[in-house]
Structure formats: structure tokens, C-alpha cells
Amino acid sequence: MGDQPPPQSHPSPESRSSEERDSSLAGSDGTRSEESPAKGSRPPGLRESRPDGTTMSSRADPGPGAPWFVLLILLGMLALWSWQRSPSNHGHTISYSQLLDELDGKNLESVRFHGEIVTGEFRGVPGSSEELKTQYTGASDLRFNTVLPSVGVRDAPLLSRLRAQGVQVTADRTAVGMGTQMAVWLLIPLVFIFGFWFLMRRSGDGMGGGMLGNFAKSPARRFEPSSQTTTFSDVAAMEQAKAELQEVVTFLKDPERFRKLGAEIPRGVLLKGPPGTGKTLLSRATAGEAGVPFFSINGSEFIQMFVGVGAGRVRDLFRNARDQSPCIVFIDEIDAVGRMRGAGFGGGHDEREQTLNQILSEMDGFDRSNSVIVLAATNRPDVLDEALLRPGRFDRHITIDRPVKDGREAILKVHCRRVPLSDDVDLESVAAATIGFSGAALKNLVNEAALSAARAGRTRVTGEDFDYAHDRVLMGPRREEVLSDSERKRTAYHEAGHALLAWQMPEVDSVHKVTVIPRGPALGVTQLLPEEEVYHLGESRLHAQLVMMLGGRTAENSFR
């Protein structure tokens with residue numbers, strides 16, 4: 001016995017590894033994007049609310065940054081002045097002996113004394129040593145600097161010789177010494193450190209966590225009831241799942257109705273199913289139907305490189321949720337943080353496991369007077385920790401599967417609301433030909449059909465566009481390879497073998513399309529389409545499918 005297979009397609013022998021193609025697509029549901037808030041629901045210039053109850057403004061807030069900006073400019077000017085006044089920035093550094101040799105050669109133009117440091121400029125390229133000649137050859141800057149051998153004591157004969165040669169001699173009344181320079185350069189990083197500490201204190205929360213404490217703030221997005229425009233009426237199909245969640249909506253609207261009878265509503269609801277089936281859409285519709293705040297976060301957003309950040313974000317999320325009670329907390333892809341403990345190399349000290357432990361503690365420690373419902377979505381329920389799935393945490397598990405024919409038709413109608421359709425488009429036939437498609441795959445199908453009509457310059461989407469979109473989604477885009485006659489003939493025999501056996505055996509699904517046009521990884525495809533939804537495959541049906549699959553190679557060998 002087995003599950004129903006999707007529409008089958010059989011590629012040529014060059015691509016036999018991909019003979020079985022799944023017609024479903026993994027992706028997000030068509031209406032999973034964030035709905036725009038209702039007009040007038042938020043003042044102009046404001047964006048979505050944050051979990052701490054504040055709103056983010058699109059206009060810049062000057063704040064206390066202006067004085068710090070001026071201080072930084074002044075410090076930069078001070079550093080530039082100190083660098084320019086530094087004697088070490090005055091040409092090449094030479095020895096005192098080289099200075100005397102150039103003085104003997106009458107090659108000094110000017111000299112300035114900065115205490116024990118001497119700077120000046122040569123009249124020409126110095127030639128007293130090969131080292132100096134190499135340094136200054138071809139250079140336009142003939143300045144130099146050196147240090148007197150006696151600190152603080154000027155060489156009197158040196159001054160006499162300078163005067164005798166007519167060298168311009170000047171001296172600074174005050175010099176910027178090494179001590180002053182070091183003080184300036186040490187002051188700059190100290191000011192930066194103090195400024196960083198001050199900004200951390202200014203940006204700290206009420207707990208005094210500072211800027212580092214912001215790492216532990218929950219990144220969850222909060223949506224107010226006025227911005228929740230999605231309701232159950234916007235969700236096509238999934239009637240059973242909507243009925244399950246209707247109890248949650250009723251509890252959030254009228255909790256006393258249950259409390260009077262001693263009943264407790266499930267604190268957690270786990271939505272599980274294949275990708276693209278509308279789990280996130282259904283959670284948004286639940287919040288919109290109940291008219292309560294909605295907190296949305298992805299499971300991977302809890303985990304960071306810093307130890308303890310994930311647990312802190314969990315605490316912050318549930319603290320804000322309790323403050324906004326009644327509300328709904330939605331954790332998408334909870335398997336990113338809710339995997340079975342003990343499977344990693346970090347053991348109990350693993351950051352992910354600490355985050356999971358905090359989630360377990362928060363969900364088990366809810367005050368029953370707080371109406372906080374946790375919705376979570378995953379397509380891998382088998383990897384979740386057992387403690388997370390037990391009653392008292394995620395009491396209710398709702399499976400959301402791919403839609404059946406009527407559900408697919410309803411979903412197609414939703415996605416075609418804004419698409420002008422031609423009279424030859426039959427959505428019922430399209431739904432019948434898309435067995436195994438998820439809601440996201442159906443949205444992609446409609447979009448591909450609209451793109452095909454736009455490329456052709458049509459004003460309406462036709463049935464031909466839907467046929468093109470169906471082939472593109474199932475088999476991939478058309479390839480431009482030009483096959484030789486022998487390759488095309490071999491491919492045709494191969495696909496004819498599949499089609500002939502499928503036609504002769506009633507246990508095999510009907511042949512929908514046969515093509516030798518290369519698409520995706522295949523050189524040719526035989527596409528089968530079941531006439532109805534099949535959930536159980538018997539032995540005879542499986543045997544017939546194996547025979548049909550081997551028909552391609554048999555046909556090649558028979559007509560070579």
C-alpha cells in the first residue's frame with residue numbers, strides 16, 4: 001500500500017534518474033506576504049509596531065547625537081593639528097653627524113629649533129653620504145629633522161657656523177613634545193570609549209541592559225488588530241483546520257464561556273504539513289478573525305552566536321505577549337529551535353537547547369488568566385522534542401495537507417481575482433490537472449500563466465497560457481538544444497514505449513501529454529494524469545507502473 005503519486009512524467013534515457021517528477025512545489029503560500037495595514041490605522045510616518053509597545057518612525061530623531069558630533073569634529077581637528085605640529089612629520093629623519101656634514105658642505109637653507117629637536121630644509125640634494133643621496137634623489141621635499149645630542153642644551157658652535165653661512169635660524173617659543181603628543185593621542189581613544197559607554201547607557205532598556213542588552217530583545221514583529229485584514233474568508237480550502245482553530249478564536253473573544261465550565265483552551269497549536277500549504281496564512285487569519293495582537297517570529301531568529309541571547313529573546317517575547325494579552329504568538333519553522341535535545345555536540349550547554357528549555361519553561365508557566373495562544377508551524381514534526389509536543393504545551397496538532405480537487409479550484413479562484421481570464425479558461429479543468437499541487441504551487445501556476453500572456457501581448461490570460469504554465473511548473477522551461485535526427489528518433493521511441501504501455505494497461509494513469517521537446521533535465525516526457533484522487537496503491541497498480549516505466553528501454557531495444 002502507498003500514497004497516491006503525483007502526475008508522472010518519464011524522461012528519455014539520458015535523464016532516467018529523474019523519471020519520477022513530483023508535481024508539487026515547495027514554497028510559501030500565495031498570500032503569506034505581510035498585509036498592508038488598514039488605511040488610517042497608523043499615523044503617517046510610522047511603521048509596524050515593535051514588541052515593546054513602541055512604534056518605529058520613518059523620520060529621523062536627532063536625539064542627543066549633535067553634541068557628540070561636534071565633540072568628534074573638535075577631536076579630529078586637535079589630532080590633525082598635533083600631527084602637523086609634530087617634528088617627526090617634517091621630512092626624513094637624519095643623524096646629527098649627517099647634519100654637521102651637510103653644514104660643512106654649505107647645503108642648509110633654513111633651520112628651526114623645537115627644543116631638542118631640529119628641523120630644516122636643504123638647499124639641494126645632500127651628498128655627504130650615499131644614504132642621504134638615495135633618499136633625496138628625485139624628491140621635491142628637501143626637509144629633514146634630527147635630535148640634538150645634548151637634550152635641552154643647544155650647540156653654541158653650531159649656531160655660530162649657521163650664522164656664518166647665512167642660514168636662516170628660528171626657534172619655537174613652545175614645542176609640542178612627545179609628552180604632549182602622547183597625551184593627545186591617548187585622549188582620543190579614551191573619549192571614544194567613554195562615548196560608546198555613554199551611548200550604551202542611553203540606549204539601555206528599563207532593566208539597565210544597555211546596548212548589549214538589546215541583543216536579548218525579541219525581534220518578533222507585532223501586528224495590531226487594525227492591521228489584520230486576513231480572516232478565514234480569505235483562506236480557501238482547509239475547512240477542517242479552520243474549524244479546529246475556530247475554538248481558539250472563540251476562546252480569545254469570550255474566555256469566560258469556557259472558564260465557567262472548567263474548560264481550558266489549548267495553550268499551543270502546532271500546524272504541520274508540507275511546505276507551501278498555507279500554515280502561516282492560517283495563523284494570520286486566526287489572529288485577524290479574533291481581532292487580537294499578533295506576534296510573528298521565525299524559529300531561527302532566536303539563535304545567535306552569543307550564549308544566552310536566545311533564552312533572553314524568548315523571555316522578552318513572552319513578557320511582551322503577556323502584557324498584550326489576549327494575543328497570539330506565531331513561531332514559524334519551529335524545528336529550527338525545537339529539535340530533540342542531546343542530538344548536538346554541545347550537549348546541555350548548546351545555545352539552541354538552552355533556548356528550547358526557555359520556551360518549554362515559558363509555555364508551561366503561563367498564568368491561566370493570561371489569554372496567550374502559541375501557534376507554531378513546521379514541515380518536519382518528526383524532529384521536534386517530545387517535551388515540546390506533550391499536552392500542556394502544544395496540546396493540539398493540526399495537519400494541513402495539499403488540497404484536493406475542490407480545494408484547488410477554490411484556491412485558483414482566489415489567486416485569479418485580479419487576473420483577467422479569457423472565456424476558454426476552465427478553472428475546474430486546471431484544478432483536475434494539478435493533483436498534488438500545494439497552495440504556493442497554484443499561485444505560481446497562475447503567475448506563470450499571467451507572465452505568458454504578458455509576453456505574448458494579450459490583454460487576457462487564455463487556456464493556452466495555463467497549459468504553458470502547467471508544463472513549465474511540472475517539467476521545467478523549454479531548452480533550446482537542437483537534437484540530431486538519430487537522438488530525436490531514439491527519444492521518440494523511448495517515450496512511445498511509455499505511452500503505449502500506459503494506454504494498454506488500465507491500472508496505469510491516463511496519458512495526458514507526450515513530448516520530445518527537451519524540457520528541464522529531460523529530452524522528452526510522457527506525462528500521466530490520474531482521473532481522480534487516489535490515496536491507496538495496490539500491488540497490481542504498482543506492478544503495472546513498473547512495467548510502464550520499463551517500456552521506454554524496451555521500445556529502444558526493439559526498434560534500433
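None of the figures in this text is laboratory data; all of them are computed from the coordinates on show. None of these values were measured; they are calculated from a predicted model. Using ideal geometry, Cβ is built from the backbone for each residue, glycine included, and neighbour counts are taken over all protein chains shown.
Say the cut-off is 31 Å between C-alpha atoms; which of 217/272; 405/489; 217/279; 279/413; 242/443; 272/413 go over it?
Numbers: 217/272 28 Å; 405/489 37 Å; 217/279 26 Å; 279/413 19 Å; 242/443 20 Å; 272/413 25 Å.
Going by Cα-Cα distance, 405/489 fall outside the 31 Å limit.
May I ask you to order 410-417, 254-261 by the average number of other C-beta atoms within 10 Å around their residues, highest value first?
Top to bottom by mean Cβ count within 10 Å: 410-417, 254-261.
Would you grab the residues whose amide H sits under 5 Å from the one on residue 304? Only those 5+ places off in sequence or on another chain, please, with H modelled 1.01 Å from N.
310
Applying the Karplus parametrisation 6.51 cos²θ - 1.76 cosθ + 1.60 with θ = phi - 60° to the phi angles of region 548-553, what ³J(HN,Hα) value in whole Hz is obtained for each residue in order, glycine and proline being reported as x?
5, 5, 7, x, x, 5
Applying the Karplus parametrisation 6.51 cos²θ - 1.76 cosθ + 1.60 with θ = phi - 60° to the phi angles of region 407-423, what ³J(HN,Hα) value in whole Hz is obtained for each residue in order, glycine and proline being reported as x?
x, 5, 5, 5, 5, 4, 5, 5, 6, 9, 4, 9, 10, x, 9, 6, 5
Pop out the ³J(HN,Hα) list for region 531-541 in order, Karplus 6.51 cos²θ - 1.76 cosθ + 1.60 with θ = phi - 60°, rounded to Hz; leave Gly and Pro as x.
With the stated coefficients, region 531-541 comes to 7, 8, 5, 10, 10, 10, 10, x, 5, 5, 5 Hz.
Can you list residues from other chains, or at least 5 along the same chain, whose modelled amide H is less than 5 Å from the amide H of residue 236?
none
Lysines near residue 106 by alpha-carbon distance under 29 Å, same-chain residues fewer than 8 away left out - which ones?
Here the lysines satisfying the reach criterion relative to residue 106 are 133.
Report, by chain and number, residues whose modeled amide H sits under 5 Å from the one on residue 479, excluding near sequence neighbours (fewer than 5 apart, same chain).
Hits under the 5 Å cutoff: 519, 520.
Using the alpha carbons of region 393-439, what is the convex hull volume per residue in cubic angstrom, as a whole number?
Convex hull volume per residue, Cα atoms: 84 Å³.
Over the alpha-carbon set of region 321-460, work out the extent along each principal axis and list the three values in angstrom, largest first.
The Cα atoms of region 321-460 stretch 60, 39, 26 Å along their principal axes.
Where does the charge balance sit around residue 129 when Lys and Arg score +1, Asp and Glu -1, over other residues with C-beta under 12 Å from its C-beta? Provide the component values of the computation, followed by the final result.
Working: positive: 133; negative: 101, 102, 130, 131.
Summing Lys and Arg as +1 and Asp and Glu as -1 gives -3.
Among 388-400, 441-453, how do they line up by average Cβ neighbours within 10 Å per residue, starting with the highest?
Going by the mean number of other Cβ atoms within 10 Å, highest first, we get 441-453, 388-400.
Specify the inter-centroid distance of region 373-387 and region 474-532, based on alpha-carbon positions, in whole Å.
Here the two parts' Cα centres lie 40 Å apart.
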